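Worksheet: the structure to be examined is printed underneath.
Derivation of every value follows stated rules applied to the coordinates shown; laboratory data play no part. All values derive from a computational prediction rather than experimental measurement. Note that each Cβ is placed from the backbone with ideal geometry, even for glycine, and that neighbours are counted across all protein chains shown.
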Amino acid sequence: MYPEIMIVPMREELTRLGIEEARTAAEVDEAASKPGTTMLVVNSICGCAAGRMRPAIRQALQHSSKPDNSVTVFAGQDKEATDRARSYFTGYPPSSPSIGILRDGKLVYMMQRSDIETREAAEIAANLRAAFEKFCGKALSESR
């Protein structure tokens with residue numbers, strides 16, 4: 001674990017966007033159980049991958065289609081919350097950073113570290129916007 005003072009800016013890079021922070025398993029469950037779509041972000045200190053992921057999320061959230069809810073956990077710091085977040089990523093090995101989109105608590109989209117670390121922020125953002133359009137669009141929300 002890193003000293004909290006070191007990771008505050010990395011936490012805030014997402015929370016400033018309005019993304020809720022979950023530090024316990026119960027907080028993750030509460031966020032995941034909200035109706036609609038939830039983006040669940042596993043943040044990390046990793047300079048290259050997480051350093052691209054956070055700006056990509058900022059860019060993607062400027063799109064007209066976006067998740068109803070967004071929550072983040074911090075790998076290596078909030079172990080209980082991170083383990084619980086990863087439990088929603090069924091069929092995928094633990095990975096940080098990573099981004100999952102849940103619809104009514106069920107995983108519908110997954111972006112793992114391997115999908116993040118080889119791309120620049122703009123490409124990651126484009127992939128997220130496409131996922132938002134596919135899984136978070138208003139037509140989907142209204143048809144439920």
- Message: Cβ-Cβ under 7 Å, sequence separation 6+ or interchain: first residue in segment 112-125 and part of a loop (DSSP other than H, G, I, E, B), partner among the small types (Gly, Ala, Ser) and buried (at least 17 other Cβ atoms within 10 Å of the Cβ). Which pairs?
- Response: Gln112/Ser95; Gln112/Ser98; Glu117/Ala49
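Residue-wise test of (1) in contact with an Asp or Glu (Cβ under 9 Å, 6 or more places away or on another chain); (2) basic (Lys, Arg); (3) in a strand (DSSP E or B).
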position: Pro9; (1), (2), (3): no, no, no
position: Glu13; (1), (2), (3): no, no, no
position: Gly18; (1), (2), (3): no, no, no
position: Val28; (1), (2), (3): yes, no, no
position: Ile45; (1), (2), (3): no, no, no
position: Ser65; (1), (2), (3): yes, no, no
position: Ser70; (1), (2), (3): yes, no, yes
position: Thr90; (1), (2), (3): no, no, no
- Task: Specify the residue that is farthest from Arg86 (Cα to Cα); the eligible residues are those in segment 35-51 that are out of contact with any Ser or Thr (no Cβ under 6 Å at 6 or more places or on another chain) and surrounded by 15 or more Cβ atoms within 10 Å (Cβ to Cβ).
- Result: Gly51
- Item | Verdict on Glu12 being closer than 21 Å to Met110 by Cα and of a type in the set (Asp, Glu) | no
- Message: For a quick check of your reading of the model, give me the residue pairs whose first member lies in segment 42-56 and is touching a residue at least 60 places away in the same chain (Cβ under 8 Å), whose second is basic (Lys, Arg) and part of a helix (DSSP H, G or I), with beta-carbon atoms closer than 8 Å and at least 6 apart or on different chains.
- Response: Cys46/Arg113; Ala49/Arg113
- Select, from Ala32, Ala85, Ala26, Ala60, the only residue that is crowded, with 21+ Cβ neighbours inside 10 Å and either farther than 21 Å from Phe132 by Cα or out of contact with any strand residue (DSSP E or B) (no Cβ under 7 Å at 6 or more places or on another chain) (or both). Ala60
